[in-house]
Amino acid sequence: MLSLLENREPEVRQITVMFCDLVGSTELSERLDPEDLRALIDAYRKVCGAAVNRYEGQVANYAGDGLMAFFGWPRAHEDDAVRAVHAALAILSEVTNVPGAVKLTSRVGICSGRVVVGQTGGPGGWMEAVGETPNIAARLQTLAAPNTLLISESTQRLASAAFEFQDLGFRELKGVTKPLRVYSVLSAKHTATRFEAAHASSLTPLVGRSTELNLLLDHWQKTKEGGGQVVLLSGIPGVGKSRLIHELKSNIQKEPFLLNYQCSPYHSQSALFPVIEQMELAAQLNSGDSDVDQFAKLKGYLSGLTKNPAESAALIARLLSISIEDQSGLSALTPQQIKNRTVDKLLEIILSFSAQRSTLCIFEDVHWIDPSTLELLELVISRIDRTPIMLVVSYRPEFRHAWPTHPNVTLHSLTRLSRSEVTKMIKELLREGSLSQQVFDQIIEKADGVPLFIEELTTSIISTPRQNRQKSDTDQTTPFEATKVPETLHDALMERLDRVAHGRKLAQIAAVIGRDSPMIF
Ligand SMILES: Nc1ncnc2c1ncn2[C@@H]1O[C@H](COP(=O)(O)OP(=O)(O)OP(=O)(O)O)[C@@H](O)[C@H]1O
Ligand SMILES: [Mg+2]
């Protein structure tokens, strides 16, 4: 992280700022010996700092008993607001487990917005963000009840796909002139895929992709006839990988047994995370269930799927952290042996599903896969050529693999939409509304055939009230509007720039020269 801070001038960026504080520290200071209090505050900050680091945020400084953290600087991620909220939920839950004479409680406030961010006085100086955003985050933190997380509307918009919220309406915040809409975060959403979480309500009508969809349906037909198929679906972020998979599922709806393994950017080092999530959802395990109930549900889910049910249930229970009395002798095995046996069992379970019914097995976003799930995936690929399993694996182009080219393995790179498809998609998004031809053309150019960009650019323009739009002589929307980067795309673009050395500088220069400039760099 430190090298990222070298030679960085303060810069204007959209970031997400988090403030967290220890509840009741004044009373604690009266009750506790100063040394014990100091130890407690240190332990509290350590928990907070660890959660911020886990989600790749940056602790900016320790304010009072708590801390201020940035997500989006010095390194941006496409989902900084989501990361900040995950980190805050982890803090709320983990501080209550800090051992000591008193049970600690925290409160957190988060806000996203444009700031000037940097280190005062150069390297080694304080990290600071200047603008309204940190003030609002700090005020939200003071407004939050113990054990709760309050976020601004800007953060809610950016993180709405990933969490359940309660809208608390408009609140007056000290030092902020206008009342602001405040949300309380209740929990992370549990859905089978990222796509489902983000698109619970509505989808833009499908444009194009009939060739790709027919190809997938063709593979499904072959699968049903008993020849396992592997489709590797690669494409840049937002190009429509998940949407195509969604269309495949809708087309064959009730036919297959469906197994969804969703990889996560936050758990790429967490062994078999996608499998754990899939099992918990499929076996309907609730966090409120007792271990006994969870184990009973798990045994029900696995029944008839493996040759040695007792050992399978014990291994999978261990994987899902369900405490049971171990009667299957697993404690005599080394961790490596347990992992190997678990992966073998998981393969056996997947193959057993297909013995009952043709199975659609999806591994989404494997650019974030953990090594153990990758091992499982490779085993599945090597074993399905004569089983009715269609395996669809989606990933972004940065994922490298050396999987064999085999007749039942098809690699498909999803390309950008054509100009006429982009035009159709913008019209679908506008519904009854209209835009000037100039703005229309600007969206086409800026979106570059990527459906996600088309959606975000178009909706950000149509959701801007007309009176706030730039006006031209004809009262038409001017091209200027379409050149602004919507806040929902900002973090994703910054992530890409941060990944390339000198990317920001280059982008600033290119922004002035235009995209068709000669290659002078
Ligand atoms: N052909 C299409 N017609 C209409 N909308 C589309 C089309 N393809 C994608 N979309 C929409 O564009 C958005 C981005 O698509 P999607 O989530 O499938 O991208 P992705 O390639 O899976 O991206 P990521 O790498 O981030 O997972 C979604 O809202 C999706 O519904
Ligand atoms: Mg996707």
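No value in this document is a laboratory result; all are computed from the given coordinates. All values reported here derive from a predicted model rather than from experimental measurement. Quick reminder, even Gly has a Cβ in these numbers, built from the backbone with ideal geometry, and neighbours come from all protein chains shown.
In what order do 263, 48, 111 fall by count of nearby beta-carbon atoms within 10 Å, going from fewest to most?
263, 48, 111
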_Taking the alpha-carbon distance from residue 299 and a cut-off under 18 Å, which lysines remain once sequence neighbours fewer than 8 residues away in the same chain are dropped?_
307, 345
*asked:* Given axes a ≥ b ≥ c from the Cα gyration tensor, I'd like to know whether region 2-189 is rounded (a/c under 1.5), prolate (a/b larger than b/c) or oblate.
replied: oblate
*asked:* Could you sort the peptides 348-358, 91-101, 195-205 by per-residue average Cβ neighbour count (10 Å cutoff), highest mean leading?
replied: 348-358, 91-101, 195-205
*In what order do 234, 418 fall by count of nearby beta-carbon atoms within 10 Å, going from fewest to most?*
418, 234
*Mean Kyte-Doolittle of at least -1.0 plus a Cα span of 24 Å or more along the axis: flag which DSSP H helices in the chain meet both, please.*
34-54, 335-356
*Got a sec to turn the phi values of region 104-120 into Karplus ³J(HN,Hα) couplings, 6.51 cos²θ - 1.76 cosθ + 1.60 with θ = phi - 60°, whole Hz, x for Gly and Pro?*
7, 9, 10, 9, 9, x, 9, 9, 10, x, 7, 9, 9, 10, x, 9, 6
_Could you tell me how far the Cα centroid of region 83-102 sits from the Cα centroid of region 411-429, in Å?_
44
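Highest first, please rank the peptides 34-40, 313-319 by the mean number of other Cβ atoms sitting within 10 Å of their residues. Write out the running numbers ahead of the final one.
On the way: 34-40: 13.1, 313-319: 21.7.
The most tightly packed comes first, giving 313-319, 34-40.
For the ranges 63-72, 142-151, what's the packing order if you count other beta-carbon atoms within 10 Å of each residue, average per peptide, and put the highest first?
Numbers: 63-72: 22.6, 142-151: 19.4.
Ranking, from highest mean packing down: 63-72, 142-151.
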_Per residue of region 254-262, what does 6.51 cos²θ - 1.76 cosθ + 1.60 with θ = phi - 60° give for ³J(HN,Hα)? Whole Hz please, x for Gly and Pro, Karplus curve as stated._
8, 5, x, 7, 10, 10, 10, 10, 9
*5 angstrom amide H check on residue 231, placed H, neighbours 5+ away*: 391, 392, 393, 410
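Going by a ≥ b ≥ c, the root eigenvalues of the Cα gyration tensor, does the chain fall in the rounded group (a/c under 1.5), the prolate group (a/b larger than b/c) or the oblate group?
Numbers: a/c = 1.92, a/b = 1.10, b/c = 1.74.
Note, shape of the chain comes out oblate.
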_Restraint check, 174/484; 189/427; 249/424; 297/339; 424/446; 46/103, Cα-Cα greater than 27 Å_ = 174/484; 189/427
